[in-house]
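The values are calculated or read from the model by the stated rules, or taken from the named source; none is laboratory data. Quick caveat: nothing in here was measured; it's all calculated off a predicted structure. As a convention, Cβ positions derive from the backbone with ideal geometry for all residues, glycine included, and neighbour counts pool all protein chains shown. Only protein heavy atoms, including side chains, enter the accessible area calculation; ligands, DNA and RNA are left aside. Shrake-Rupley method; radii C 1.70, N 1.55, O 1.52, S 1.80 Å.
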Amino acid sequence: MSEPIQHDDARTFAGVGVSAGRVIGSVKRMPDPVAPPADGDPIAGGATVEEESERLKQATQAVAATLKERASKATGDAADVLKATALMASDRTLLKSATKLVASGTSAESAIWEAADAVATQLAALGGYMAERATDVLDVRSRIVAELRGVPAPGIPDADEPFVLWAVDLAPADTATLDPAKVLALVTSDGGPQSHTAIIARSLGLPAIVAATETTALADGDVVFVDGINGTVTRNPGDAEARLAEAYASRTELPAFDGSGSLADGHPVPLLSNVGSGEDAAAAAAAGAEGVGLLRTEFCFLGRDQEPGHEEQVAAYRAVFDAFGGRKVVVRTLDAGADKPLPFLTDDSEPNPALGVRGYRTDTATPGVLARQLAAIAEAADGSEADVWTMAPMISTPAEAARFAALCAEAGLKTPGVMVEVPSAAVLARQLTAEVDFASIGTNDLTQYTMAADRQLGALAELNDPWQPAVLHLIKATADGGAAAGGDGSPKPVGVCGEAAADPALAVVLVGLGVATLSMNRRALPAVAAILKTVTLDDARRIASLALAAGSAGQAKESVRAQLPDLETFGL
Amino acid sequence: MAERIATIASRVGLHARPASIFAEAAAEQPVEVTIALEGEAPEEALDASSILSLMGLGAEHGTKVVLRAEGDGADAALDALVAILETDHDAE
């Protein structure tokens, strides 16, 4: 951070800003994963068995010493785990079996790889906690091989000073070991706005840029300015960038969410949370969420070879309902297919799974699973105080909406609804919502389908942006359709439960377009609540019309942000 | 050959933390100590200073294990190690 700033070699790289914030720091690159050595690879370069064994022993001791050193600086559970992994690195039994392989002419790299594999397999067979430790053994093995090869240890780099982490993309396993006290910002050359990198950055409140293709040119130690608001990374930043980073550092702390979302004029905008388990629901309730706007029921099903039983489903849903007694919980029925395959429900040979049998459509191909799930939801709802609403994902026609409403009625569920993710559903929103009681817009998929841009492709990140005016027009069409479908009675409420609702500037636009409720990751609640409080409903409508009139996502974002000075105050 | 039987006191069994404490203590002893589940043949016994061997035993709370050592100081070493196994380190 205190490195001298060079002005002669400043260069700005463009990407997509997925989490706000502006910081200056030095880059650390995520090392490449350790490639496995060839099976039974022989000792190289004429070294003797004794020399090779000694090289192996030195490497295990060096890794043990590094891990021990890290353990001495850590506290609590992290210290215990690091201490145990340090002991694994210098484990005599492991070294003995690897040395035996070296004695038969195998290289140190290949020997430790094979010996550790045997241990990991044994631990994995014990199941449960020990099976998790098998991962630690494999991690230690990669570290020893990296040490033998003289390359950096795998995983998130360790450093005394906080740094800007650069990676191609981050996997869920990497994000689990990411220490927010050590990482200032995330920059990736790949990934998109819905990537794991983006999701973890938003949940930890770290500035992040994804799909910044040319940042592969960044090297360890490069000083960069990361602008999560504009989606740029500047190498060798100057005074202007330093001032922006200082302004961000001295931002006003966001007040905690008081549990009641509303605009400056008192117009209520209930702020709900997206949850994926009973535990998640309890955390969301503690964060002040006014209900659950999206309960992802996949948590009951994923990783299963068979459909979970009735009682198991009832217990899982009940746990969420109990966390929100007296409040609204919107349950989304199973959304399998595409990036969430299930062996008993989806066909993995489809050439184009995003446009295949997924979401509600699986009920036509494999009838029964949905009806049984609805029965479980109904029973869980019966014994709880929560106001349970039920919606189906990937509805494309009014006929599908009508049939889903009929299934809900059969199960005894009183508030059926649909998700609007397919453009056809947005265009025919009036006819569609006439068949049900509410709609909820899934902006991630609606964006992917409107722009015909795969969510998982970093190269299409610019298209895959909910700020795209075409997406905003479809959101407006949905809200208008819901209002019209009510006829003379009360309008059919339309909510948003995608990542778009977690962006405070976009939240203002959504409300201005007629969206009634916003559901998001619980960590986004304080920021969204604070910015909504700065505008009236008239302001929000005027700001939304600016976004609708824009010619590009960038222009829409820029013109809206210019109307919301408090974003800067809070560093959002 | 000195021999002791100890009952695992840790509520979680010989998991990472209790196993670390025990493996480190075993490594500090002047004699080589082996560990086996009660009833297993002495030839099956594992190096008590190896955390991976300890974890691979799959010893739960209440499991009985046999410690063995030979030579000068074997008795004192085993007494010290039994005391560690019979302490619930997770309660500290």
* Asked: What helices (runs of 4 or more DSSP H) lie completely within region A:347-452 and have 2 or more residues being closer than 23 Å to A:GLN306 by Cα?
  -> A:362-365, A:369-382, A:398-411
* List the strands (runs of 3 or more DSSP E) that sit entirely inside region B:1-75 and contain at least 2 residues that are away from every other protein chain (no Cβ under 14 Å). => B:2-7, B:64-69
* Structure fact -> The condition from (1) surrounded by fewer than 24 Cβ atoms within 10 Å (Cβ to Cβ); (2) in a helix (DSSP H, G or I) that A:GLY481 misses is numbered (1)
* Do we have A:ARG133 as more than 12 Å from chain B (Cβ to nearest Cβ) and either in a helix (DSSP H, G or I) or open to solvent by 50 Å² or more (accessible area, probe 1.4 Å) (or both) here? -> no
* Return a yes/no flag: does region A:170-181 have any residue that is without any contact (Cβ under 8 Å) to a residue 12 or more places away in the chain, within 14 Å of chain B (Cβ to nearest Cβ) and of a type outside the set (S, T, N, Q). => no
